[in-house]
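The values are calculated or read from the model by the stated rules, or taken from the named source; none is laboratory data. Here the structure is a predicted model, which is why all the values come from computation and not from measurement. Here the Cβ positions follow ideal geometry from the backbone for every residue, glycine too, while neighbour counts run over all protein chains shown. The accessibility values were calculated without ligands, DNA or RNA, using every heavy atom of the protein model including side chains. Shrake-Rupley method; radii C 1.70, N 1.55, O 1.52, S 1.80 Å.
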2 protein chains.
Amino acid sequence: MAKKKKEVKALKKKVSKLKSKLQDRSAAGDAAAAAPAKKKALAVSPLAPETFPDLPDIAGVRFASGAAGVRYAGRTDVMLAELAAGTTVAGVFTRSSTRSASVLDCQAKLGGDPAKGAAILVNSGNANAFTGKHGEDSVTALSTAVGKTLGVPAARVFTASTGVIGERLPHDRITDKLAELKDGLAGDGIAGAARAIMTTDTFPKGAMAEIEVAGTPVRIAGIAKGSGMIAPDMATMLVYIFTDADVAQPVLQRMTAQAADETFNCITVDGDTSTSDSVLVAATGKSGAKRIGDMRAAGARAFRAALTDVMRDLAHQVIRDGEGATKFVEVRVSGADTPADARKVALSIANSPLVKTAVAGEDPNWGRIVMAVGKSGAKADRDTLSIRFGDVLVAEKGWVAESYREEDGAAYMKQSDLVLDVDLGLGKGRATVWTCDLTDRYIAINADYRS
Amino acid sequence: MAKKKKEVKALKKKVSKLKSKLQDRSAAGDAAAAAPAKKKALAVSPLAPETFPDLPDIAGVRFASGAAGVRYAGRTDVMLAELAAGTTVAGVFTRSSTRSASVLDCQAKLGGDPAKGAAILVNSGNANAFTGKHGEDSVTALSTAVGKTLGVPAARVFTASTGVIGERLPHDRITDKLAELKDGLAGDGIAGAARAIMTTDTFPKGAMAEIEVAGTPVRIAGIAKGSGMIAPDMATMLVYIFTDADVAQPVLQRMTAQAADETFNCITVDGDTSTSDSVLVAATGKSGAKRIGDMRAAGARAFRAALTDVMRDLAHQVIRDGEGATKFVEVRVSGADTPADARKVALSIANSPLVKTAVAGEDPNWGRIVMAVGKSGAKADRDTLSIRFGDVLVAEKGWVAESYREEDGAAYMKQSDLVLDVDLGLGKGRATVWTCDLTDRYIAINADYRS
């Protein structure tokens, strides 16, 4: 009898996995369906990965997703993740001074007691932002209802909302769905969850890593949504990462902050920032691996590196789904007086509309890079500056390089993945940021958004 | 005989004025002709003023312009202004750390001895920027040649170059033209000068004021080029203002800096900054009005106000010629904790691609304004914030205003001149900046620029 039960369970899991894979194959169609009914379907980004990765199940996490009709009927718009007792949660959030009620709520809850489990609830369709006191009321209602449904403390329920801002969140539609979501919870539901949180995204985003902590395998699986800060109406970057490693909360928090700083804080689509951007990392400790109690514990370094890899992968996918993007651009700055100066220069280049339109036009316009270096506010010297497009030396010693031929630059710019490399020739400060080009599709998407 | 001479002179002047007017009428055609031969003609901006203003002659200033073939044959690409002995010169310049050789040279020359006159020489077609040591050589060659031709010290010759960067300026082509330019010098040549400095501009820009200093009339006339920081290849903001007032150089410098801070430093097309942006103000003292020797002198306040008016007018014209612009947008911020915070918020709104594309789409998308306030880094409180589109109250007390109807906002956004008004409700800090919308024309112009 017990054997039969086990077999059924295994078969059910297989069916679920197959269904999920099938869904992933038609991600393009899904993305189109997920777009607001009024909008034309968005074509999948030409920079999208070929397939959604095969993410490992994370012991101690179960997922469900469903259609609550938050804004549009028949659209998957809510995801629920149940986190086992003992799960520690860390997070980083938008620095916007107009951040949403759920962001403020999550920030307050991070350090809470993990003993009785936790949960994450995310809806799309409505951002529950700039809705006055109603925002807090909705967060409280959702946290309380999820807590009751799953038997976890409301103080351990982390919520996020993404979608139109300034409209009251009809949270009853979500709470009405919780029982159904609970029934659907499954260890292998992460691919469905990745799709449930999409808004203007043209493909679901996932990444994973498997490492060993003191000889025991641990897994990290993460999902993200966001195609740049696209519009507070409908887009925002949300990232959820799960691991079965056992990591003390303060350590997880520090690693999360460091890794986010090197990844999500180094990407920019248009320099705009959402009121709801959030990255949450949950560590269930169910791998059986030794606890990572401090930054020097066995496996801490490897875990931190793997966490950073997962975040970088997701961050790149966000850029690859940048609105209207046709080029993935890595901006590398070295030789700056300080790391902060390097970052200033890199972001100045990555956010410059002139650089981004030149990239869109496949124009090896190094003059615009000189301009962006100049306006950055960082220490720079025309005569020590050098610029490379990939391996092509373009400019040095205050002028165009003797070896440079315009046709080499032009040929390089035709690639879809580009490296713009600037050495300031002053010091040892380095920074790398990632961005995409600025095309007329970006304008079309954002100028017509609500009309 | 003397009478005859006078009559001839008067007639010549009349002919010159008529020619100039005729040219102004066909400014649109001129702008198209002035564009590089390889490019399609740029249509005149829909936000352009109807006509070039009738600028007064400024005693002590003579202008000439001509075609030196700096980059393209047959295109008016150089202007020369001769300034009478005693003319004081003040200026403000780009803060770019990669600023051009002529900018560095002008900065060094500002405080020089005015006794023996001065001159301004400007070329378009080549920016003489990022050309290594050749940049300085060209500036020296041009200053020396102009000095010899006009009999003024080379240390009183102010030059500027705008156009493609990274290519050596063929300054011989300009020095070869100097004798011809000298012969063409005329007191009423300012309209021609306004056209000679155009690059991607779709209309020539001029502004004027007439006031009294201690009972004596003085005149201010200014010209500008620039359609935003558009491309270091071909565009830059250059401004030349002339007055017959008598103003001590330190006073003129202080007034110029203050006025530029309230005008040119409050406009933004795309947040990018040229390596050559320059504003020069020359005061000949030939009006016979009392000298303005300090900031409290008779007429100082009126002169400063008039100078600011002229600069604001020119600054607005630069925005009205913003690449691809279809809307002129005034962003007013009040109630900030400090004036610096107000400016941060105003620039964050004015530079946000999401706000600018919403304006292009005539979308009353106040959510994007909340986003831009939030990301500005200034102190802000969702619950004290209010937003108005013109007189339409859109949002207040952390939510959309009770009285607000979407159709009112939508109707307002259809106007070509818009005021976006944000009150942070915290303090007394105020700032106003001006910008334009971001359209697919901007992308088309900048992505295809050099191809």
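Under the Karplus relation 6.51 cos²θ - 1.76 cosθ + 1.60, θ = phi - 60°, what is the ordered set of whole-Hz ³J(HN,Hα) values for the stretch B:314-331, x standing for Gly and Pro?
Computed from phi, the couplings for the stretch B:314-331 are 5, 4, 5, 5, 4, 5, 5, 10, x, 4, x, 5, 10, 9, 9, 10, 9, 9 Hz.
Using a 1.4 Å probe and counting only protein heavy atoms, arrange B:K182, A:K116 so the residue with the most accessible area comes first. Before the final figure, lay out the partial values.
Working: B:K182 90, A:K116 145 Å².
Descending accessible area places them as A:K116, B:K182.
For A:86-95, what's the mean count of beta carbons from other chains sitting within 10 Å of each residue's beta carbon?
Working: counts 0, 0, 0, 0, 0, 0, 0, 0, 3, 3.
Taking all residues of A:86-95 together, the mean is 1.
To the nearest 20 debye, what charge dipole does the protein assembly as shown have about its Cα centre, counting +1 at the Cβ of each Lys and Arg and -1 at the Cβ of each Asp and Glu? Walk me through the numbers on the way to the answer.
Details: 118 positive and 106 negative charges, 34 e Å.
Charge dipole, the protein assembly as shown, about its Cα centre: 160 debye, nearest 20.
Which of the trypsin sites (Lys or Arg not before Pro) found in the stretch A:70-115 are loop residues per DSSP with 16 or fewer other Cβ atoms within 10 Å of their Cβ? Write out the running numbers ahead of the final one.
Numbers: sites: A:R71, A:R75, A:R95, A:R99, A:K109; in loops: A:R71, A:R75, A:R95, A:R99.
Of the trypsin sites (Lys or Arg not before Pro), the ones in loops of the stretch A:70-115 whose Cβ has at most 16 other Cβ atoms within 10 Å are A:R95.
Taking amide H positions as placed 1.01 Å from N in the peptide plane, with prolines and chain starts having none, which residues 5 or more places from B:I292, or on another chain, fall under 5 Å of its amide H?
Here the answer is B:D246, B:V247, B:A248, since their amide H atoms fall under 5 Å of that of B:I292.
Past 24 Å, Cα to Cα, is the threshold; run A:K344/B:K397; A:K205/B:K344; A:K327/B:K356; A:K133/A:K205; B:K356/B:K414; B:K177/B:K225 against it and keep the listed order.
Details: A:K344/B:K397 35 Å; A:K205/B:K344 34 Å; A:K327/B:K356 22 Å; A:K133/A:K205 33 Å; B:K356/B:K414 14 Å; B:K177/B:K225 22 Å.
Exceeds cut-off: A:K344/B:K397; A:K205/B:K344; A:K133/A:K205.
Mind jotting down the distance between the C-alpha centroids of the stretch B:94-111 and the stretch B:44-83, whole Å?
The distance from the Cα centre of the stretch B:44-83 to that of the stretch B:94-111 comes to 22 Å.
Antiparallel versus total DSSP beta bridges in the stretch A:31-320: what percent is that, nearest 5? Before the final figure, lay out the partial values.
Details: 34 of 49 bridges.
Beta bridges within the stretch A:31-320, antiparallel portion: roughly 70 percent.
At most 13 other Cβ atoms within 10 Å and a DSSP loop assignment: could you name the trypsin sites (Lys or Arg not before Pro) in the stretch A:372-451 that fit?
Numbers: sites: A:K375, A:K379, A:R382, A:R388, A:K397, A:R405, A:K414, A:K428, A:R430, A:R441, A:R450; in loops: A:K379, A:R382, A:K397, A:R405, A:K414, A:K428, A:R450.
Sites meeting the loop and neighbour criteria: A:R405, A:K414, A:K428.
Work out the charge dipole of chain A with +1 on the Cβ of Lys and Arg and -1 on the Cβ of Asp and Glu about the Cα centre, then indicate which of A:V157, A:P49, A:V392 is farthest towards its positive end.
Looking along the dipole axis, the top candidate is A:V157.
Heavy atoms only, 1.4 Å probe, whole protein assembly: order A:E210, A:E82 by accessible area, highest first.
Values: A:E210 115, A:E82 45 Å².
The residues order as A:E210, A:E82, largest area first.
Heavy atoms only, 1.4 Å probe, whole protein assembly: order B:D391, A:D309, A:D341 by accessible area, highest first.
Output order, biggest surface exposure first: B:D391, A:D309, A:D341.
Please report the accessible area of A:T338 (heavy atoms, 1.4 Å probe, ligands and nucleic acids excluded) in Å², nearest 10.
Surface open to solvent at A:T338 totals about 50 Å².
In whole Å and largest first, what semi-axes does the C-alpha gyration tensor of chain B yield when each eigenvalue is scaled by 5 and square-rooted? If you can, show how the numbers build up before the last one.
Values: eigenvalues 304, 123, 86 Å².
Output for chain B: semi-axes of 39, 25, 21 Å.
Quick one: Karplus J couplings for the stretch A:378-386, per residue in order, coefficients 6.51, -1.76, 1.60, θ = phi - 60°, nearest Hz, x for Gly and Pro?
7, 5, 8, 9, 3, 7, 10, 6, 9
Quick check for me: using +1 on Lys/Arg Cβ and -1 on Asp/Glu Cβ, what's the dipole size of chain B about its Cα centre, in debye to the nearest 20? Working shown, then result.
Numbers: 59 positive and 53 negative charges, 389 e Å.
Roughly 1860 debye, rounded to the nearest 20.
If you count the DSSP beta bridges with both ends in the protein assembly as shown, what percent of them are antiparallel, to the nearest 5?
Details: 100 of 148 bridges.
Around 70 percent antiparallel, to the nearest 5.
Quick one: which bits of the stretch A:411-451 get at least 40 Å² less accessible when the partner protein chains are in, versus the chain alone, with a 1.4 Å probe?
Buried-area filter returns A:I443, A:N446, A:A447, A:R450.
If amide hydrogens are placed 1.01 Å from N in the peptide plane, which non-local residues have theirs closer than 5 Å to the one on B:I267?
HN-HN under 5 Å from B:I267: B:W434.
If the chain between B:A73 and B:R254 were fully stretched, how many nm would it gain, using 0.36 nm times the residue separation less the Cα-Cα distance? The partial results should precede the final answer.
Values: separation 181, 0.36 × 181 = 65.16 nm, distance 4.03 nm.
Stretched fully, the B:A73-B:R254 segment lengthens by 61.1 nm.
I'd like the distance separating the alpha-carbon centroids of the stretch B:233-304 and the stretch A:310-355, in whole Å.
38
Run lengths n ≥ 4 of DSSP H only: what is the helix-derived mean residue ellipticity at 222 nm for chain A, with -39500 (n - 2.57) per run over all residues, to the nearest 500? List each step's numbers first, then the result.
Working: 14 runs with 160 residues, N = 451.
The helix contribution divided over chain A gives -11000 deg cm²/dmol.
How much area per residue is accessible in chain A when the probe is 1.4 Å and only protein heavy atoms are counted (Å²)? The partial results should precede the final answer.
Numbers: 17180 Å² over 451 residues.
Per-residue accessible area for chain A comes out at 38 Å².
What distance in nm separates the two pseudo spin-label positions at A:K428 and A:R95, each 7 Å out from Cα along the beta-carbon direction?
With each label placed 7 Å out from Cα toward Cβ, I get 2.5 nm.
Assuming R0 = 35 Å, can you tell me the calculated FRET efficiency for the pair B:A305 and A:T144, based on Cβ-Cβ distance, to the nearest 0.05? Mind showing how you got there, number by number?
Details: r = 61 Å, r/R0 = 1.74.
After rounding to 0.05, the efficiency reads 0.05.
I'd like the residues of the stretch B:126-149 whose 1.4 Å-probe accessible area shrinks by no less than 10 Å² going from the isolated chain to the full set of protein chains.
Buried on complex formation: B:F130, B:T131, B:G132, B:K133, B:H134, B:E136.
Can you pull out the buried accessible area for chains B and A, both sides counted, probe 1.4 Å, rounded to the nearest 100 Å²?
Details: alone 19650 and 19600 Å², together 34410 Å².
Buried area between the two chains comes out at roughly 4800 Å².
Determine the distance separating the Cα centre of the stretch B:142-187 from the Cα centre of the stretch A:150-185; give it in Å without decimals.
71
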